[in-house]
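J.: Sharing a structure below in structure tokens format, with a few things to ask.
The values are calculated or read from the model by the stated rules, or taken from the named source; none is laboratory data. All values derive from a computational prediction rather than experimental measurement. Every residue, glycine as well, gets a Cβ built from its backbone with ideal geometry; the counts of neighbours run over all protein chains shown. Side chains included, ligands, DNA and RNA excluded: accessible areas come from the protein's heavy atoms. Shrake-Rupley method; radii C 1.70, N 1.55, O 1.52, S 1.80 Å.
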Amino acid sequence: MSLSLHNTLGRRLEVLSPLEPGHARLYTCGPTVYNVAHIGNLRTFVFEDVLRRHLQASGLRVTQVMNLTDVDDKIIRGATEKGVSLEEFTAPYTEAFFKDLKRLNVEPAERYPKATEQVPEMITLIETLGSRGHTYESEGSVYFRIATFPDYGKLSRIDLSQARRGERVADDEYEKEDVKDFALWKAAKPGERSWASPWGEGRPGWHIECSAMSMKYLGSRFDIHTGAVDNIFPHHENEIAQSEGATGEPFVNLWLHAEHLIVDGEKMAKSKGNFFTLDDVLGRRDDPAAVRYLFLSVPYRKKLNFTWEALGAAAAAVERIRAAAVRIGELAASGAEKPGAYPIEERSEEFRRAFDAGMDDDLNTAEAQGALFPYLRDVNAAIDAGALGAKEARLARSTLERADRVLGVLPVAPEVLPSEIEAQIEARNAARKRRDFAEADRIRTELAERGIVLEDGPGGTRWKRK
Ligand code: AMP
Ligand code: ZN
């Protein structure tokens with residue numbers, strides 16, 4: 001495996017080398033569930049999904065943790081306005097988030113911890129920071145004193161000469177002009193939901209949440225941490241200060257940041273009102289795979305300009321892939337034999353190499369997608385010329401399925417029904433009786449490709465799922 005990824009920490013390409021051989025540990029900042037996600041947010045989550053899938057395709061076990069921010073200034077404001085509890089306020093948005101991920105064929109992470117369920121861990125981390133001299137208290141709130149952490153600014157490369165030492169910022173989100181001591185714990189305001197702590201009633205800041213949850217589930221040092229570029233400062237800069245301040249050790253090896261999705265040259269943002277939700281988009285074109293394909297058509301470190309024309313082009317591309325998959329699938333299930341008429345093994349290998357080279361080059365999904373079309377064109381031409389048999393088509397099919405395990409745009413193969421398997425076993429027994437071993441093998445291989453393994457024993461043939 002030689003996967004190069006662009007590390008924001010150091011601004012250079014680095015080859016991934018997991019701390020624990022064979023196992024990649026990944027933390028992906030999750031949504032703030034105060035609203036329905038917009039497609040800019042979703043582009044970042046699809047980028048993380050493709051990272052996850054490519055790590056798996058490269059033979060690694062992946063442990064991915066994504067937090068759900070279910071308490072922050074905006075959530076408290078929203079819940080107060082509606083007169084409901086935090087849980088009641090965030091539940092529908094959390095549900096909508098998972099529905100969107102499912103529609104975009106995003107594989108679930110191993111864990112989705114909620115901030116409100118991890119407050120004790122955050123308090124412990126703040127206490128550790130206190131014992132190491134990184135914090136101070138003011139009116140029931142606790143702040144991180146950035147002057148105590150000489151590495152502060154190493155990720156975002158902010159100009160620390162502008163930092164007004166000793167000044168502090170209580171908001172979770174702020175701009176570079178506000179390089180200041182930031183809140184780890186915020187004193188409760190009257191009527192707000194709060195938790196008991198050594199500093200009195202209050203609630204955690206946003207940044208401490210991700211340090212506490214990532215270290216709890218992935219260890220104090222892990223491989224990859226991701227988000228969009230707006231997370232670099234202050235969120236991830238602060239996470240490094242908190243985590244490395246507490247352990248005295250490096251926190252994360254690789255920091256990956258996705259560029260923004262934009263509309264009319266501007267960042268799509270809830271605050272600007274220039275956003276589409278996935279429902280808005282699907283209302284105009286009901287094809288979630290096309291949305292996913294569009295996201296991947298621009299490498300994650302480039303801005304993606306969302307237009308309806310680009311979505312139309314993505315839908316056409318997905319349709320071409322689907323049509324080819326159906327055609328190849330039909331031939332694969334036929335009895336056609338054309339041994340040697342087309343060098344499918346060489347062509348498939350050439351495609352696999354081009355696809356992997358794109359993905360290994362800092363997840364260049366545009367290049368990987370680009371390699372697919374000449375391959376499908378050649379396979380289609382070979383079918384037109386009658387030069388492909390069922391065996392060759394099966395190889396083309398598994399090659400396409402392998403690429404789609406990363407791209408994720410083909411419909412999931414329908415579940416194989418037991419009655420269908422029994423019928424196939426009977427057909428195979430009949431073939432063996434008439435000594436048509438080629439056909440018997442074909443049936444076994446086809447079932448194997450669909451995840452069904454056959455075992456011949458004295459009592460007949462039994463099957464199980466792989
Ligand atoms: P939020 O729910 O606001 O915490 O955002 C969830 C994720 O989406 C974060 O990683 C943000 O950095 C990211 N994000 C926000 N706006 C955009 C955008 N226009 N394009 C891509 N990612 C975005
Ligand atoms: Zn985070």
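J.: Within the range 102-142, how many residues are assigned to a loop (DSSP other than H, G, I, E, B) and either free of Cβ contacts under 8 Å to residues at least 12 places away in the same chain or aromatic (Phe, Trp, Tyr) (or both)?
T.: Count: 2.
J.: With (1) free of Cβ contacts under 8 Å to residues at least 40 places away in the same chain; (2) not in a loop (DSSP other than H, G, I, E, B) as the list, and Thr44 as the residue in question, which single condition is left unmet?
T.: So the condition that Thr44 fails would be (1).
J.: Determine which single condition Glu209 fails, assuming it passes every other condition in (1) surrounded by 22 or more Cβ atoms within 10 Å (Cβ to Cβ); (2) under 18 Å from the mean Cα position of the chain (by Cα).
T.: Answer for Glu209: the failing condition is (2).
J.: Kindly indicate whether Thr28 is within 15 Å of ligand 2 (Cβ to nearest atom) and within 14 Å of the chain's Cα centre (by Cα).
T.: Yes; evaluated as a whole, the condition is true for this residue.
J.: Here is a follow-up. Look at Phe275 and say whether it is in contact with a Leu (Cβ under 9 Å, 6 or more places away or on another chain), of a type outside the set (Val, Ile, Thr) and within 13 Å of ligand 1 (Cβ to nearest atom).
T.: no
J.: Can you work out which of the residues in the range 313-328 that are surrounded by 13 or more Cβ atoms within 10 Å (Cβ to Cβ) and over 24 Å from the mean Cα position of the chain (by Cα) is farthest from Lys391 (Cα to Cα)?
T.: Ranking the qualifying residues of the range 313-328, first place goes to Arg320.
J.: Here's another thing I want to ask about it. Looking at (1) within 27 Å of the chain's Cα centre (by Cα); (2) farther than 30 Å from Gly22 by Cβ; (3) away from ligand 2 (no atom under 12 Å from the Cβ), which is the only condition Ser220 fails?
T.: Just one mismatch for Ser220, condition (2).
J.: Can you tell me how many residues within the range 202-234 are more than 15 Å from ligand 1 (Cβ to nearest atom) and within 23 Å of Glu127 (Cβ to Cβ)?
T.: Selection size over the range 202-234: 14.
J.: Continuing with this model, one more query. What residue, of Leu26, Leu9, Leu55, Leu5, is more than 13 Å from ligand 1 (Cβ to nearest atom), part of a loop (DSSP other than H, G, I, E, B) and in contact (Cβ under 8 Å) with a residue 40 or more places away in the chain?
T.: The unique qualifying residue is Leu9.
J.: Any chance you could count how many residues in the range 369-412 are crowded, with 18+ Cβ neighbours inside 10 Å, assigned to a helix (DSSP H, G or I), free of Cβ contacts under 8 Å to residues at least 60 places away in the same chain and small (Gly, Ala, Ser)?
T.: Number of matching residues: 4.
Quick grid of which residues meet (1) open to solvent by 30 Å² or more (accessible area, probe 1.4 Å); (2) on the phi < 0 side of the Ramachandran plot; (3) not charged (D, E, K, R):
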site: Phe97; (1), (2), (3): no, yes, yes
site: Leu104; (1), (2), (3): no, yes, yes
site: Glu117; (1), (2), (3): yes, yes, no
site: Met122; (1), (2), (3): no, yes, yes
site: Val142; (1), (2), (3): no, yes, yes
site: Gly153; (1), (2), (3): no, no, yes
site: Tyr174; (1), (2), (3): no, yes, yes
site: Glu177; (1), (2), (3): yes, yes, no
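J.: Report the residue count in the range 189-201 for those that are over 17 Å from Pro120 (Cβ atoms) and crowded, with 16+ Cβ neighbours inside 10 Å.
T.: 1
J.: Looking for whichever is assigned to a helix (DSSP H, G or I) and within 13 Å of ligand 1 (Cβ to nearest atom) here; the options are Ala96, Ala79, Ala91. Which one fits?
T.: None of the other options fit; the residue is Ala96.
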